[in-house]
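Enquirer: Pasting a structure below so you can have a look.
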Amino acid sequence: MKERIPAIQTAILAHLRAAPGPVSSRDLAARFLKITAGDEETCRRLLAPFLGAVRGVSHDAARGWTCETRPGGAGEPAGAGRAVAPAPAGTESTTPPAPATEPRPGPGSPADFVAIAVEGAGPGGSGGPRVAALVPVVGGEICPEEIFPPWAAGEPDMDAGGHPETIPGSRPGGLRREDLEALIETIGDLPLVCHRVSREVDPIRAACLEQGLRLDLPVISMAKIGHLLLGLKRNHAAFDLAAAIGLESRGPDDCRGRARLVAEAFLALAPQLAARGCDTIEAILEYQDLPAPPVDMQPYAFSLEDLRALPSSPGVYRFLDHRGGILYIGKARNLRSRVGSYFTPSARATARGRAILEQARGLEVTVVASDLEAALLEAALIQDHRPPLNRQFEVHERPAPYGPRLDLAVVLPDLTTTGAPAGCTIHLLRQGQYLGRVPGAETDAGSFRRRLAAAYFAPGGDPPETTIAIDWPIVSSYLRAHRDEVNVLDFDECSSVDEAVARLAVLVRAAASGSGRVIARDCARPARTGGPVRPAG
């Protein structure tokens, strides 16, 4: 199958064939690429991808571009059909004229821009610009990329002899002045399109100012466009944008691949922008600075005021469908913040968020005392109701931070709405199964001592039938995430119920006072419950 010939290439060839003599690169760039500020060499580099492989087209550094028009295919692109030479002056051509090319977009057209991406010299690509990649787009056609400095294009001997520190006159870890000048000349007066301005363009502007140069061009941020058009989070990555559009990343995972990805994403979203009346660069620049439209709350049985009135405590929330059935169950450390996040413009960035916005009608919440209780309650409710939007119904066991030690008492502070401790709660596990919760104030009661004796120190050791068998993986994950702040007692380390009660009394006092994680030792007898409380470590 023949490769499609870009319309801009056809137009340039027709102009060269009709020209009375050589045409300079600057003239061609001004006419067809809308670049008026570039020098001859920069314009030649931009034209080379269109003309370098065309038979019969040649370039002379002193004169410019020429196109031979002899019969036999002169002036035709590689793989194209035979070119038609113009008829001599004063004669009538018997060959049908070539079809007219599509009109070039006018000034300010979103079909003409330069996509830019930058890698910094610091960790994770941060810091001053070290490498910049440009992908010019002219008439909607993606041109070959330009890399600055040239050594960063990926030659095999780059590390051996082309590392920036070994180039004479280079700025360690940054672009040289000549690199910045070449970059500015390549961009010309075309607008820039990047992902995030703070990462891609601002570092280049700062480097230019240090060298006494200026890069003052309009900049379109695809992060802003993706947030407004697709509901993505404000700080989403370029690859999140590509995934939302359905683009496949074909370039390397660096500024070169990111620049091409941004160019393709902007072209893909141009029809959606045009449908909103943004068919010029100026209109797009105005659009990207608009606030995201709020979520329409009319379909729901609750309002934004109801969401703002939710407590900031841990808990479990349930979204209900129009029949009152449970649609989705989730847990939250802060109910107000978590539930409210579903009703922001960025909620549509995920399939689950879109489904909840489209299908949910009602809301129920249950407030609990801790994150752990929220996780346990969520798992139990999911098992009981199997909501259609919960993608994971079963809890998958993960490696436990305490190995096979499954007879535990987890002491958690009960926090008020201000975050201050207000007592504590003891969560009991026997052989990895949840026995229940006991208020910390009841540790001195005889019933608590008898419960511990029956569960952990009686012969047989089988857990009571009232236990919940799904909870050890959840507790294990919670302890791993909070291992430096949660107080845990392993009953297998206690020789008697008296020692267990004494150690728990120490942990309860520490949790209730907000002391953080402590270790209770030498509490073999109740008389020593006031023993030392030492920081973990």
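The values are calculated or read from the model by the stated rules, or taken from the named source; none is laboratory data. Everything numeric here is computed off the predicted structure, so don't read it as measured data. We place every Cβ from the backbone using ideal geometry, glycine too, and count neighbours over all the protein chains shown.
Enquirer: Restricting attention to segment 221-229, does a residue exist that is at pLDDT below 90, in a loop (DSSP other than H, G, I, E, B) and touching a helix residue (DSSP H, G or I) at 6+ places or on another chain (Cβ under 7 Å)?
Expert: There is no residue in segment 221-229 that is at pLDDT below 90, in a loop (DSSP other than H, G, I, E, B) and touching a helix residue (DSSP H, G or I) at 6+ places or on another chain (Cβ under 7 Å).
Enquirer: Strands (runs of 3 or more DSSP E) wholly in segment 432-537 with at least 2 residues that are closer than 17 Å to GLU373 by Cα and at pLDDT 85 or above - which ones? Talk me through it step by step, then tell me what you get.
Expert: On the way: elements: 433-439, 487-490, 518-520, 533-535.
In segment 432-537, the matching strands (runs of 3 or more DSSP E) lie at 433-439, 487-490.
Enquirer: So, one more: Taking only pairs six or more apart or across chains, which ones have beta-carbon atoms under 9 Å, a first residue in segment 198-220 that is within 12 Å of ILE116 (Cα to Cα) and in contact (Cβ under 8 Å) with a residue 24 or more places away in the chain, and a second residue that is in a helix (DSSP H, G or I) and of a type in the set (D, E, K, R)?
Expert: Once the first residue is within 12 Å of ILE116 (Cα to Cα) and in contact (Cβ under 8 Å) with a residue 24 or more places away in the chain and sits in segment 198-220, its partners that are in a helix (DSSP H, G or I) and of a type in the set (D, E, K, R) give GLU200/ARG258; VAL219/GLU200.
Enquirer: Can you tell me how many residues within segment 12-44 are of a type in the set (D, E, K, R) and surrounded by 17 or more Cβ atoms within 10 Å (Cβ to Cβ)?
Expert: The number of residues fulfilling the criteria is 4.
Enquirer: Within segment 298-313, does at least one residue satisfy the condition of being touching a His at 6+ places or on another chain (Cβ under 7 Å) and over 30 Å from VAL193 (Cβ atoms)?
Expert: Within segment 298-313, not a single residue is touching a His at 6+ places or on another chain (Cβ under 7 Å) and over 30 Å from VAL193 (Cβ atoms).
Enquirer: May I pose another question? Does segment 55-64 contain any residue that is surrounded by 20 or more Cβ atoms within 10 Å (Cβ to Cβ), assigned to a loop (DSSP other than H, G, I, E, B) and at pLDDT below 85?
Expert: no
Enquirer: With (1) assigned to a loop (DSSP other than H, G, I, E, B); (2) at pLDDT 90 or above; (3) of a type outside the set (A, V, I, L, M, F, W, C) as the list, and GLU181 as the residue in question, which single condition is left unmet?
Expert: Condition not satisfied by GLU181: (1).
Enquirer: A further question on this structure: Mind listing just one residue for me: the one in segment 340-367 that is of a type in the set (A, V, I, L, M, F, W, C) and more than 13 Å from GLY330 (Cα to Cα) and, of those, surrounded by the fewest Cβ atoms within 10 Å (Cβ to Cβ)? Before the answer, list the steps.
Expert: Initially, segment 340-367 is screened for residues of a type in the set (A, V, I, L, M, F, W, C), giving 343, 347, 349, 351, 355-357, 360, 363, 365, 367.
Retained after the next criterion (residues that are more than 13 Å from GLY330 (Cα to Cα)): 343, 347, 349, 351, 355, 357, 360.
Working: PHE343: 20, ALA347: 18, ALA349: 19, ALA351: 10, ALA355: 15, LEU357: 19, ALA360: 22.
In this case the residue turns out to be ALA351.
Enquirer: Go through LEU285, LEU247 for me and flag whichever is surrounded by fewer than 18 Cβ atoms within 10 Å (Cβ to Cβ), touching a residue at least 12 places away in the same chain (Cβ under 8 Å), within 30 Å of ILE142 (Cβ to Cβ) and touching a strand residue (DSSP E or B) at 6+ places or on another chain (Cβ under 8 Å).
Expert: Details: LEU247 fails: touching a strand residue (DSSP E or B) at 6+ places or on another chain (Cβ under 8 Å).
Exactly one residue qualifies, and that residue is LEU285.
Enquirer: Follow-up. Please go through segment 198-218 and give me each residue that is surrounded by fewer than 19 Cβ atoms within 10 Å (Cβ to Cβ) and either part of a helix (DSSP H, G or I) or not charged (D, E, K, R) (or both), ordered by number. Before you say what the answer is, go through the steps one by one.
Expert: First, pick out the residues of segment 198-218 that are surrounded by fewer than 19 Cβ atoms within 10 Å (Cβ to Cβ): 198, 202, 205-206, 209-218.
The answer is SER198, ASP202, ARG205, ALA206, LEU209, GLU210, GLN211, GLY212, LEU213, LEU215, LEU217, PRO218.
Enquirer: Right, another one. Determine, yes or no, whether ALA270 is surrounded by fewer than 20 Cβ atoms within 10 Å (Cβ to Cβ), assigned to a helix (DSSP H, G or I) and either in contact with a Pro (Cβ under 8 Å, 6 or more places away or on another chain) or among the aromatic types (Phe, Trp, Tyr) (or both).
Expert: yes
Enquirer: Which one of PHE302, PHE319, PHE343 is in contact (Cβ under 8 Å) with a residue 24 or more places away in the chain and either hydroxyl-bearing (Ser, Thr, Tyr) or outside any loop (DSSP other than H, G, I, E, B) (or both)?
Expert: PHE319
Enquirer: Let me ask something else. Among the numbered criteria (1) in contact with a Pro (Cβ under 6 Å, 6 or more places away or on another chain); (2) exposed (fewer than 15 other Cβ atoms within 10 Å of the Cβ), which single criterion is violated by ILE329?
Expert: Evaluating ILE329 over (1) in contact with a Pro (Cβ under 6 Å, 6 or more places away or on another chain); (2) exposed (fewer than 15 other Cβ atoms within 10 Å of the Cβ) leaves (2) as the failure.
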